[in-house]
């Protein structure tokens with residue numbers, strides 16, 4: 001059992017948990033993720049490790065309430081316990097002194113891009129961070145990102161804060177005027193796709209962290225398969241980070257959309273049944 005030491009509502013739909021998990025915190029690195037279950041029959045929920053404190057033995061996760069499992073997770077409070085937390089999983093980010101780096105975080109992707117930007121800054125890179133959201137109300141961690149960046153650019157789709165633009169607009173301005181050695185992009189699949197289309201024109205290597213469907217997290221089920229450079233890879237053991245210019249984003253988005261459609265049907269059935277999960281089995 002894993003204790004929730006801190007809960008913070010970053011917006012109506014985005015929640016932060018700080019979880020006591022000493023063994024995971026001891027080995028965690030930027031780019032790793034973990035999988036949790038809220039109860040014995042619960043769905044496995046993969047979450048990127050957004051921060052960790054080895055001395056205190058804690059890991060931090062930021063998640064958006066979009067389906068049954070994450071909505072249920074959001075009902076837990078400080079002092080509650082999570083049944084299972086397994087990690088760290090996946091391959092950690094490759095951190096080195098590349099030179100001039102741009103880190104792009106979109107929506108909830110701001111959370112996992114933070115430890116990467118921090119580690120890159122500590123490795124001596126000059127880091128420009130671009131963070132974006134639909135509106136100011138769901139933008140978070142501005143100061144944390146500013147503290148690990150030489151420059152921070154903020155965009156919102158509706159113009160309620162920062163620059164009214166999508167994240168690729170300031171990215172292209174930078175690529176036009178400066179020599180960039182590496183771009184890291186984490187966020188919705190469609191955002192990462194267009195970041196890669198933008199950087200490809202300038203021949204700048206781009207790393208993305210994929211949010212494919214996961215179940216067991218060990219490569220056994222094949223649920224998280226993605227196509228990278230024409231080959232099948234498994235996000236949980238081969239990733240989650242890949243060369244963005246080799247990712248088949250259309251295939252990834254089609255698979256994600258299919259899962260979202262099934263989840264919406266399931267949630268509708270739950271509402272029809274008065275909120276009880278009749279006939280619906282978690283994975």
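For residue 189, the stated conditions hold: it is modelled with pLDDT under 95, buried (at least 17 other Cβ atoms within 10 Å of the Cβ) and in the same structural domain as residue 133 (by TED's automatic domain parsing).
Take the residues of region 17-38 that are in contact (Cβ under 8 Å) with a residue 60 or more places away in the chain and within 21 Å of residue 79 (Cα to Cα): which is surrounded by the fewest Cβ atoms within 10 Å (Cβ to Cβ)? Full working, then the answer.
Initial filter on region 17-38 (in contact (Cβ under 8 Å) with a residue 60 or more places away in the chain): 19, 21, 24, 27-33, 35.
Filter again for within 21 Å of residue 79 (Cα to Cα), leaving 19, 21, 24, 35.
Working: 19: 24, 21: 25, 24: 22, 35: 20.
Within region 17-38, the match that is surrounded by the fewest Cβ atoms within 10 Å (Cβ to Cβ) is 35.
Among the criteria (1) within 30 Å of residue 100 (Cβ to Cβ); (2) surrounded by fewer than 19 Cβ atoms within 10 Å (Cβ to Cβ), the one residue 207 does not fulfil is (2). Exactly one residue out of 104, 113, 85 is within 24 Å of residue 6 (Cβ to Cβ) and outside the structural domain of residue 8 (by TED's automatic domain parsing): that is 113. Please determine, by comparing only the residues of region 87-107 that are more than 17 Å from the chain's Cα centre (by Cα) and more than 14 Å from residue 30 (Cα to Cα), which one is surrounded by the most Cβ atoms within 10 Å (Cβ to Cβ). This residue is 101.
One residue alone among 160, 129, 137 is within 24 Å of residue 8 (Cβ to Cβ) and part of a strand (DSSP E or B), and that residue is 129. In region 219-248, the residue that is surrounded by the fewest Cβ atoms within 10 Å (Cβ to Cβ) out of those that are out of contact with any strand residue (DSSP E or B) (no Cβ under 8 Å at 6 or more places or on another chain) and assigned to a loop (DSSP other than H, G, I, E, B) is 230. Inspect region 143-154 for any residue being in contact with a strand residue (DSSP E or B) (Cβ under 7 Å, 6 or more places away or on another chain) and assigned to a helix (DSSP H, G or I) and give the result as yes or no. Yes, region 143-154 contains a residue that is in contact with a strand residue (DSSP E or B) (Cβ under 7 Å, 6 or more places away or on another chain) and assigned to a helix (DSSP H, G or I). Against the conditions (1) in a loop (DSSP other than H, G, I, E, B); (2) out of contact with any strand residue (DSSP E or B) (no Cβ under 7 Å at 6 or more places or on another chain), residue 93 satisfies every one except (2). For residue 50, the criteria (1) surrounded by fewer than 20 Cβ atoms within 10 Å (Cβ to Cβ); (2) farther than 15 Å from residue 2 by Cβ; (3) touching a helix residue (DSSP H, G or I) at 6+ places or on another chain (Cβ under 7 Å) hold in every case but one, which is (1).
The values are calculated or read from the model by the stated rules, or taken from the named source; none is laboratory data. Given the structure is predicted, the values throughout are model-derived calculations rather than measurements. We place every Cβ from the backbone using ideal geometry, glycine too, and count neighbours over all the protein chains shown.
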